[in-house]
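The values are calculated or read from the model by the stated rules, or taken from the named source; none is laboratory data. Computed from a predicted model, the values in this text were never measured in an experiment. Glycine also receives a Cβ, built like all others from the backbone with ideal geometry; neighbour counts cover every protein chain displayed. For the accessible areas, the whole protein counts, side chains as well, though only heavy atoms, and no ligand, DNA or RNA atoms are used. Shrake-Rupley method; radii C 1.70, N 1.55, O 1.52, S 1.80 Å.
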Amino acid sequence: MAASPPRCYSLPRPLLLRLSSPILESLSQTPYSPPEGSAVSVKSLLEGLLRHLDQVPEDEFRLEIRDFILCCAAMAASEGVESPAVYWVPAELANAARSALREMAVAVGLNSEREMVAEMIPEVVVQLKGVIKESCVDPESVEVVAASAKAPVAYAVLAAHQFRWLVSQILFPNLGKLIWLVIPCALTALDHWSPEVKEQGMLTFMHVGKNVTMAELGWYEDAILDACCRNIASSDELWHCVVEVSVLMLTCLEGKNPRSSWFEQIMNEMLGHLERQPMNKDRRVAWLRLIQPVFNAMGLVLLAHFRRIFSLFFHWMHADDDKTILLVLERLNDIIKLTWIRKSPYFQRLVDELILLYKESATKKGREIIRNQIMQTLILLQKCQGLCFESAWNKHNDDPDLTMLTSSFSNLVCSGPESCT
């Protein structure tokens, strides 16, 4: 039996005209300048979605409904966004668009605009996917060039914002019923060459990962994780997003299988990207802040990555900013608790680096917080590898700069070696 058409198609046309008229008027009065180098006016595109003829047949009226919803979605998507495509939309206009959708939903007997969007997703997603795909790079092309001659990228950017906002309105458990439509379009956005389009695809996946079950998402596991892996080396402006979405998707889909090849592939891609610019502050801080769930899921499998992880950590422990240092110490504590630093050639050097950091922290603004964290890390090491720790610790017993550390440490731990191995 064919599915029932969305209830918003029963909206009286005079009401659609009444809802769209003030929005079109406000939109027309809103200042707008196309981004530098762009020949496309996003404002004109949105105005075109609100133009109505005096009389239209039923199929064209349905198109007017879809266009109105897409226009409102684009304006609502501007909230908190700095993208040149939509940042120019004032908050008042974005609020008016959401209010119009809400009134439209109530008028056709729905409880909210979220319910109406869920009904309309099958009507608009294929169209949005087509717009995004039209300006994608041709993978068969010898030269990797933007397909701007075929379709300006501004169309894809706008469609990606509309798609992300529409999907974000659908929550658990309703989103799972539409996953077969949403995932292909989100993957198309991730495959696009434009960072703006990619970002909206990543934000969509973050919402999806939090609002569907693992069973629903599992059908697309390899495609999603492959897309995440391929996007890790994308532009620096997307690094925070790509790490966040990769961590979420990886732990959601493979969290109970730490030996999955996807953990190895994604971790290697991330570490390789970090190694190319180890002193890039924004990159390392974002990774250190977001990577904990992957560490927790991998557990002892982290041992296979110790060489690369500790090489980076030993660099970052002596960074200029306190935030990096504290995050490194937090992640070190995670690793120690998860692996006990078993049979690791890095144990003695780790103790040495922590003690050196303790000395260096004397000139830092967050000295007390850093030193407290170092103390907790040393206590963990002593508990996990008592004999090895004593050997590494005793080398520094006579250092006059460590009198306070030695005294505090002795008061906090029991005398005599203790091992949890």
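For beta carbons closer than 6 Å, sequence separation of 6+ or different chains, a first residue in the range 10-35 that is in a loop (DSSP other than H, G, I, E, B) and a second that is modelled with pLDDT under 95 and of a type in the set (Gly, Ala, Ser), the qualifying pairs are Pro34/Ser41. Look at the range 62-78: where a residue is more than 15 Å from Arg13 (Cβ to Cβ) and a partner is of a type in the set (Phe, Trp, Tyr) and outside any helix (DSSP H, G or I), sitting 6+ places away or on another chain with Cβ atoms under 9 Å, you get Ser78/Tyr87; Ser78/Trp88. Taking the range 208-300 and the helices (runs of 4 or more DSSP H) fully enclosed by it, the elements with 1 or more residues that are crowded, with 16+ Cβ neighbours inside 10 Å and charged (D, E, K, R) are at 214-218, 221-231, 239-254, 261-276, 281-290.
Residues that are at pLDDT 95 or above, open to solvent by less than 10 Å² (accessible area, probe 1.4 Å) and not in a loop (DSSP other than H, G, I, E, B) are absent from the range 84-92.
Table: residues versus (1) acidic (Asp, Glu); (2) within 17 Å of Val285 (Cα to Cα); (3) at pLDDT below 85; (4) surrounded by fewer than 15 Cβ atoms within 10 Å (Cβ to Cβ).
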position	(1), (2), (3), (4)
Glu330	yes, yes, no, no
Ser344	no, no, yes, no
Arg367	no, no, no, yes
His396	no, no, yes, no
Leu405	no, no, yes, no
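Out of the range 348-388, which residues are touching a residue at least 12 places away in the same chain (Cβ under 8 Å), within 13 Å of Ile325 (Cα to Cα) and among the charged types (D, E, K, R)? Residues satisfying the conditions are Glu353, Glu360, Lys364, Lys365, Arg371. Among the residues of the range 157-173, those identified as without any contact (Cβ under 8 Å) to a residue 60 or more places away in the chain and open to solvent by 10 Å² or more (accessible area, probe 1.4 Å) are Ser168, Gln169, Leu171, Phe172, Pro173. The condition (being free of Cβ contacts under 8 Å to residues at least 24 places away in the same chain and small (Gly, Ala, Ser)) is satisfied by just one residue among Ser246, Ser260, Ser235, Ser194: Ser260.
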